[in-house]
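Q: Sending over a structure as structure tokens; questions will come in a sec.
Read-outs throughout are calculated quantities, based only on the coordinates presented, and are distinct from any laboratory measurement. Remember, predicted model here, so these are calculated numbers, not experimental data. Cβ sites come from the backbone with ideal geometry, for glycine too, and all protein chains shown count toward neighbours.
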Amino acid sequence: MSEANLLIWGCGGMGREILALCEVLGRNVIGFLDERIEMRGQFVDNVPVLGDIAHIAKYRNEAEIICSGVGDPALKRKFVFKTKEAGFRFAPALVHPSVNVPKNSRLGINSILCAGSIVSINVQVGNFVIVNTNVTLAHDVSVFDYCTISPGVNVSGHVTVEEGVFIGTGSAIREKVSIGAWSMIGGGSFVASDVPPQALYAGVPAVFKKTRTNP
Ligand SMILES: CC(=O)SCCNC(=O)CCNC(=O)[C@H](O)C(C)(C)COP(=O)(O)OP(=O)(O)OC[C@H]1O[C@@H](n2cnc3c(N)ncnc32)[C@H](O)[C@@H]1OP(=O)(O)O
């Protein structure tokens, strides 16, 4: 049986990178989804922007949806709710051919592993997670749903990244540290100790900068 056609939420940088990944994987993308009225009917990288979820009802039985086409974890979650409510199927994980996922590591639905990333042993990645280019996930790391890990991040052994965390480009996380749900780590940071939920930490070493509002 041939694989389902795909639709991608978000036609910005991340959505377009996922489109390129789909091309590498030989998956057919029939359109982008975008809530912005002005985007409907436009073409991005030669792929049509079909509009919001209400505009694509005819594809319900034919297509699977990728909600990870945006980096913002809260926006991803919003797209997941809309997709579920409309009765669409989610696409499985998409893994660049350069990435090896060991047998005892797990990758949830709709998660994206971009080129050059390294997944070590006993790594658990939830659903709707973006692992961008050249990220290292060391042994025994857990990454929960909706997280976004930006390019060049190094996550050390036994680290836990709770739901909805965003880690900025080039950051490094010390072993055994836990990052609380819906927190954000600024780019280029070194996280040396636990981060509470809903906090912005940044710097070397990363320190508390401010509280983040409820997602
Ligand atoms: C393929 C791709 O393009 S993927 C894109 C990946 N994107 C990224 O990695 C971007 C990461 N973004 C950042 O690091 C940004 O600086 C953000 C999101 C953390 C800024 O968040 P904002 O809410 O706008 O915070 P704001 O700019 O007000 O900064 C708050 C404080 O944190 C500090 N801060 C912000 N970012 C950083 C950082 N990366 N390192 C150190 N300190 C930082 C600011 O100096 C400020 O400090 P102060 O209060 O002591 O003066």
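Q: Could you tell me which of the residues L50, L21 is in contact (Cβ under 8 Å) with a residue 40 or more places away in the chain and assigned to a helix (DSSP H, G or I)? Reasoning before the result, please.
A: Details: L50 fails: assigned to a helix (DSSP H, G or I).
Residue meeting the stated conditions: L21.
Q: Go through (1) crowded, with 17+ Cβ neighbours inside 10 Å; (2) of a type outside the set (K, R); (3) touching a Ser or Thr at 6+ places or on another chain (Cβ under 9 Å) for G108 and report which single condition fails.
A: Every condition holds for G108 apart from (3).
Q: Just a yes or no: is a residue in the stretch 147-169 hydroxyl-bearing (S, T, Y), within 13 Å of the chain's Cα centre (by Cα) and either part of a strand (DSSP E or B) or crowded, with 24+ Cβ neighbours inside 10 Å (or both)? Walk me through it before giving the result.
A: Keep residues of the stretch 147-169 that are hydroxyl-bearing (S, T, Y), which gives 148, 150, 156, 160, 169.
Still in the running and within 13 Å of the chain's Cα centre (by Cα): 148, 150.
Next cut, either part of a strand (DSSP E or B) or crowded, with 24+ Cβ neighbours inside 10 Å (or both) only: 148.
Checking the stretch 147-169: at least one residue is hydroxyl-bearing (S, T, Y), within 13 Å of the chain's Cα centre (by Cα) and either part of a strand (DSSP E or B) or crowded, with 24+ Cβ neighbours inside 10 Å (or both).
Q: A further question follows. Just wondering, is there one or more residues in the stretch 135-143 that are outside any strand (DSSP E or B), within 16 Å of the ligand (Cβ to nearest atom) and under 20 Å from M184 (Cα atoms)?
A: yes
Q: Same structure, new question: Restricting attention to the stretch 197-211, which residues are within 21 Å of the chain's Cα centre (by Cα) and either charged (D, E, K, R) or on the phi < 0 side of the Ramachandran plot (or both)? Full working, then the answer.
A: Going residue by residue through the stretch 197-211, those that are within 21 Å of the chain's Cα centre (by Cα) are 197-202.
Of everything in the stretch 197-211, those that are within 21 Å of the chain's Cα centre (by Cα) and either charged (D, E, K, R) or on the phi < 0 side of the Ramachandran plot (or both) turn out to be P197, A199, L200, Y201, A202.
Q: Here are some residues: S183, S156, S120. Which one is within 16 Å of the ligand (Cβ to nearest atom) and touching a residue at least 12 places away in the same chain (Cβ under 8 Å)?
A: Values: S156 fails: within 16 Å of the ligand (Cβ to nearest atom); S120 fails: within 16 Å of the ligand (Cβ to nearest atom).
The match here is S183.
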